[in-house]
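Chemist: The structure follows.
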There are 2 protein chains.
Amino acid sequence: MDNNKRVPNVVVVGGGFGGLVAARTVAHSPVRVTLIDRKNHHTFQPLLYQVATAGLSPGEIASPIRSILRGRNVEVLLGEVQDFDLANRRVKLADAEVPYDYLIVAAGASHAYFGHEEWEPFAPGLKTIEDATEIRRRILLAFELAERRAALGEGQTQLNFVVVGGGPTGVELAGTLAEIAHHVLAHEFHAIDPKRTRIVLLEGGPRVLPAYAEDLSRSAEKQLRHLGVEVQTSTMVTGIEPSAVMIGQTRLPASVVLWAAGVAASSLGKKLKAPTDRAGRVLVNPDLSIPEHPEVFVVGDLAALKDDEGKWLPGVAPVAMQEGKAAARSIAADLKKKPRKNFHYIDKGSLATIGRSAGIAQFGKLHISGVIAWLSWLFIHIFFLIGFRNRVLVFIQWAWSYFTYERGARLITGDTNLPGWTEPKAEETEVHHQTS
Amino acid sequence: MDNNKRVPNVVVVGGGFGGLVAARTVAHSPVRVTLIDRKNHHTFQPLLYQVATAGLSPGEIASPIRSILRGRNVEVLLGEVQDFDLANRRVKLADAEVPYDYLIVAAGASHAYFGHEEWEPFAPGLKTIEDATEIRRRILLAFELAERRAALGEGQTQLNFVVVGGGPTGVELAGTLAEIAHHVLAHEFHAIDPKRTRIVLLEGGPRVLPAYAEDLSRSAEKQLRHLGVEVQTSTMVTGIEPSAVMIGQTRLPASVVLWAAGVAASSLGKKLKAPTDRAGRVLVNPDLSIPEHPEVFVVGDLAALKDDEGKWLPGVAPVAMQEGKAAARSIAADLKKKPRKNFHYIDKGSLATIGRSAGIAQFGKLHISGVIAWLSWLFIHIFFLIGFRNRVLVFIQWAWSYFTYERGARLITGDTNLPGWTEPKAEETEVHHQTS
């Protein structure tokens, strides 16, 4: 092999926002690019809560990575990266190794239970399509099981849905659950009244959406209450059982518990043997490379880096995308024997959706609440959704849901038993006599 | 309780075409109606092959039964019927019993392996949404694994997809698989050429689509070959192994095997203790009731009845729907103390789709092939799809796929290992040298 003519291999691990942008950008350089992901599809995470709440189908917010990168100089491989051989510059899969000259790790983050992994079966988190369909199954099944119990004359079940964590995901889930219980399903059951469902949002800190300014947090809380969500801040969950959440000595019965309280970086971060923070994020150099390995970059939720004001950059799509592009540009600079540039995040503002016609937006000093924030969120997210077809379909679904209060993907797939769903205790039950 | 005022309970088992129509029709009578299904959704079976082949999302062809029957006098219960107590007129669920005065059993059929249940893990059939996503997973995964193998320099894999059974489902699957391999995926892989995929359709009898006239069968076979399907008729499968189908002593290597060779009636048929045919279908009286139990009706794929010419009625949606309506009308007649009418099937014609622009149609003596049959099939099926929203979405998806050769739901969910996917033997492999 002629080393002078050898094309450098760039391997990108992860097909999320950071990895996709990195691969797409670096593909313009004279390199061979390989993107490895353990899923065949990119998931548009900002709309995942809509799949979990039966508003959208998985196929509408996920696209095959191969399809997104069609016609580009990127080889896409389905595979789970298990380790890195940094000395020999190889990525290790279960049954093969992929050599690299440059490596961009964009493996993201997952939900974390902070040492309480035993809570996971009773309180699923929301990071993948599979998580979303499991949450959807549990929510819809809770109503079905309550209806069956009541229709067969076995009494009424008080349905409580508890969402743990008041960040963007927790707020979206709680707001949308309230819409489902109080509007979508309101007239579809004969033996139960879905409007009696309690939606409880528990947040450990003093306010929801703590990444936003305080006035917006207060507005978000007000909007949540208006949608019918019971918001409890400064409330620490101390235990999760099959049908209940413990808050200190208080037992809150819960038909469904959803976990939105914490994320941890991918375990691949530790495999890079670079220093990490407590959440497992890799402390990267200002050019996003890792110490002692200028050929290895970490971008997106797996990277820990401070902005120009000394604040840690948040784990959001715009940061990941800008980082992915920056890492690719550093590789291009190397190949042209030009100096690399340090990464600077350009904050174009933040938006959070809360529920039907409710949201908040923060563009520097401009703070917006309510329907305008919600509409901005909606159109920006539909615009950034990958694939024109998806944008059209999601827009139709959304308009349909908005005007009809129907949700298009109310499927229970898989098992029709709810693990840990137990008959509520007597004090939680209002007995309902049925004539037959 | 005042027996003179007591409202009769009508229990319908199954939310397919027959059960839905039965429940909807009988709900107009002065009765209490309960529909029990083990799924929360009605599946529009004629489009299930589109989910299996990644063209449509599950949510686009399935609707919650509760939603379909909203506002009607029908209580919908999620539950799996396990048995019937005919003497005491009760339907038995796992944990409860539901009393009835009239019972309509519309439990349908499932795929059957004719005593070779050991083939099922290697050759899934297509009856439910879960089956469809499992088939989709296997098809997409086969391409991904072949690509990974080739990209890592481990050689080319000859991908063979084998469909067993030349009835409507087998023909649809084979025709659509050919479109995926030869068009949709043709330009998305770097290391393999999806166009080299072989699609083989095996039929035990002398011709495909044997329920149609002979000239239409011949036309269907020709259309399949034109789409790139290898059709082998009069070919009996004698064994199915993890990566191969046995035809006598010949071993046909197969990356994916799909089973479309036979259906058997629901096992609930036998629980009615009425005579059944070899496929387990209940031999019903001319009014669709069962012998000795005029209060019990069987409709749809679970019922065996001859038409006026002495031919067995086929297991298709129009038969199920007409039977469901007839059973409901017999109940209404009883309540009005009028005589029941015998069931007569009105055949409005049959249509089968084969693939892109290919299909056959038989309206009495009028036989149509090709693009007009395909378009008729398409519009009739979109028209009958339940829910206006689904009709709009499916139409958009279809138009989009037709003009762009893209498929909107190419998600691999669940496990990314292919059970039984083994490295092909040397003689099946063309070694491909990769420079790196």
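The values are calculated or read from the model by the stated rules, or taken from the named source; none is laboratory data. If you're wondering where the values come from, they're calculated on a predicted model, not measured in any experiment. All Cβ positions, even for glycine, are placed from backbone atoms using ideal geometry, and neighbour counts span all protein chains on display. Protein only, heavy atoms only, side chains kept; ligands, DNA and RNA dropped before computing areas. Shrake-Rupley method; radii C 1.70, N 1.55, O 1.52, S 1.80 Å.
Chemist: State whether the stretch A:1-119 is rounded, prolate or oblate according to the following rule on the C-alpha gyration tensor (a ≥ b ≥ c being the square roots of its eigenvalues): a/c under 1.5 gives rounded; otherwise a/b larger than b/c gives prolate, and the remaining case gives oblate.
Modeler: Verdict is oblate for the stretch A:1-119.
Chemist: While we're on this one: Using the 7 Å Cα-to-Cβ label point, sort the distances from A:Arg6 to its equivalents in the other copies shortest first and give them in nm to one decimal.
Modeler: A:Arg6 label point versus its equivalents elsewhere: 8.8 nm.
Chemist: Next up: Can you give me the accessible area per residue for the stretch B:257-404, using a 1.4 Å probe, in Å²?
Modeler: 50
Chemist: Cα centroids of the stretch B:235-258 and the stretch B:59-100: how far apart, whole angstrom?
Modeler: A separation of 40 Å, based on Cα centres.
Chemist: Right, something else. Taking the Cα centroid of the stretch A:135-201 and of the stretch A:288-325, what is the distance between the two, rounded to the nearest whole Å?
Modeler: What the calculation gives is 39 Å, centre to centre.
Chemist: For chain B, give me the percentage of DSSP beta bridges that are antiparallel, rounded to the nearest 5 percent.
Modeler: 50
Chemist: Please list 3J(HN,Hα) in residue order for the stretch A:10-19, calculated via the Karplus relation 6.51 cos²θ - 1.76 cosθ + 1.60 where θ = phi - 60°; whole Hz, with x for glycine and proline.
Modeler: Those phi angles translate into 10, 10, 10, 9, x, x, x, 4, x, x Hz.
Chemist: Could you tell me which of rounded, prolate or oblate describes the stretch A:291-407, using a ≥ b ≥ c as the square roots of the eigenvalues of the alpha-carbon gyration tensor, with rounded for a/c under 1.5 and, failing that, prolate when a/b is larger than b/c and oblate otherwise?
Modeler: Judged from the Cα gyration tensor, the stretch A:291-407 comes out prolate (a/c at least 1.5, a/b above b/c).
Chemist: How far is A:Asn342 from itself in the other copies, in nm, if each label sits 7 Å out from Cα along the Cα-Cβ line, shortest first?
Modeler: Taking the point 7 Å beyond Cα along Cα→Cβ, the inter-copy spacings are 9.2 nm.
Chemist: Give the aspartates and glutamates whose C-alpha is closer than 15 Å to that of A:Lys365, dropping any in the same chain fewer than 8 places away, or say none.
Modeler: Within reach: A:Glu214, A:Asp215, A:Asp347.
Chemist: Residue of B with Cβ nearest the axis relating B to A, plus distance in whole Å?
Modeler: Taking the axis that maps B onto A, the answer comes out as B:Ser57, 2.
Chemist: Still on this model: Per-residue mean of other chain beta-carbon atoms within 10 angstrom of the beta-carbon, peptide A:142-149?
Modeler: Going residue by residue through A:142-149 and averaging, the value is 4.
Chemist: Considering every residue in A:71-78, what mean count of other chain Cβ atoms within 10 Å of its Cβ is obtained?
Modeler: Other-chain Cβ atoms within 10 Å of each residue's Cβ, averaged: 4.
Chemist: Beta carbons within 10 angstrom, averaged per residue: use that to sort the peptides A:252-259, A:340-347, A:171-178, highest first.
Modeler: A:171-178, A:252-259, A:340-347
Chemist: OK, next. Find the sum over both chains of the accessible area lost when B and A are paired, probe 1.4 Å, and report it in Å² to the nearest 100.
Modeler: Buried area (both sides, nearest 100 Å²): 5200 Å².
Chemist: Lysines within cross-link reach of A:Lys222: Cα-Cα under 20 Å, excluding same-chain residues under 8 positions apart?
Modeler: Within the straight-line limit of under 20 Å, A:Lys222 reaches these lysines: A:Lys195.
Chemist: What relative contact order, as a whole-number percentage, does chain A give when Cα pairs under 8 Å and 6 or more residues apart are counted?
Modeler: Once normalised by length, the contact order is 20 percent.
Chemist: Moving to a separate point now. For the stretch B:45-97, report the accessible area per residue in Å² (1.4 Å probe, heavy atoms, rounded to an integer).
Modeler: That works out to 32 Å² for each residue.
Chemist: Can you tell me the order of A:14-26, B:11-23 when each peptide is scored by its average per-residue count of other Cβ atoms within 10 angstrom, highest first?
Modeler: Ranked from most to least packed, the peptides come out as B:11-23, A:14-26.
Chemist: What nm distances, shortest first, do you get from the label point of B:Arg278 to those in the other copies when the point sits 7 angstrom along Cα to Cβ?
Modeler: 7.1
Chemist: Sticking with this one: Please enumerate, by chain and number, the aspartates and glutamates with C-alpha under 16 Å from the C-alpha of B:Lys341, excluding those fewer than 8 residues away in the same chain.
Modeler: B:Asp287, B:Glu295, B:Asp307, B:Asp308, B:Glu323
Chemist: How much of the DSSP beta bridge set in the stretch A:1-114 is antiparallel, as a percent to the nearest 5?
Modeler: 40
Chemist: When a/c is below 1.5 the answer is rounded, else prolate if a/b is larger than b/c, else oblate, so apply that to chain B with a ≥ b ≥ c taken from the square roots of the Cα gyration tensor eigenvalues.
Modeler: Prolate.
Chemist: Also: Determine the sum of side-chain charges near B:Leu47: Lys and Arg each +1, Asp and Glu each -1, restricted to other residues whose C-beta is under 12 angstrom from that of B:Leu47.
Modeler: -1
Chemist: A further question follows. Mind checking the mean number of beta-carbon atoms from other chains within 10 Å of the Cβ atoms in A:411-417?
Modeler: Per residue, the average neighbour count from other chains is 6.
Chemist: In deg cm²/dmol, rounded to 500, what helix-only [θ] at 222 nm does chain B give when every DSSP H run of at least 4 residues adds -39500 (n - 2.57) and the total is split over its residues?
Modeler: Rounded to the nearest 500, it is -9000 deg cm²/dmol.
Chemist: Still on this structure, please answer the following. If amide hydrogens are placed 1.01 Å from N in the peptide plane, which non-local residues have theirs closer than 5 Å to the one on A:Leu35?
Modeler: Those lying under 5 Å, H to H, from A:Leu35 are A:Val12, A:Glu75, A:Val76, A:Leu77.
Chemist: If you plug each phi of the stretch A:188-200 into the Karplus form 6.51 cos²θ - 1.76 cosθ + 1.60 with θ = phi - 60°, what whole-Hz ³J(HN,Hα) values come out, in order, with x for Gly and Pro?
Modeler: So the Karplus estimates, Gly and Pro as x, are 9, 10, 9, 9, 10, 10, x, 5, 7, 5, 9, 10, 10 Hz.
Chemist: Nearest-5 percent of antiparallel DSSP beta bridges in the protein assembly as shown?
Modeler: 50
Chemist: Dimensions of the protein assembly as shown along principal axes (Cα, Å, largest first)?
Modeler: 92, 69, 40
Chemist: Okay, moving on. What's the ranking of B:356-363, A:319-326, B:228-235, A:243-250 by average number of surrounding C-beta atoms within 10 Å, highest first?
Modeler: So the peptides B:356-363, A:319-326, B:228-235, A:243-250, ranked by packing, come out A:319-326, B:356-363, B:228-235, A:243-250.
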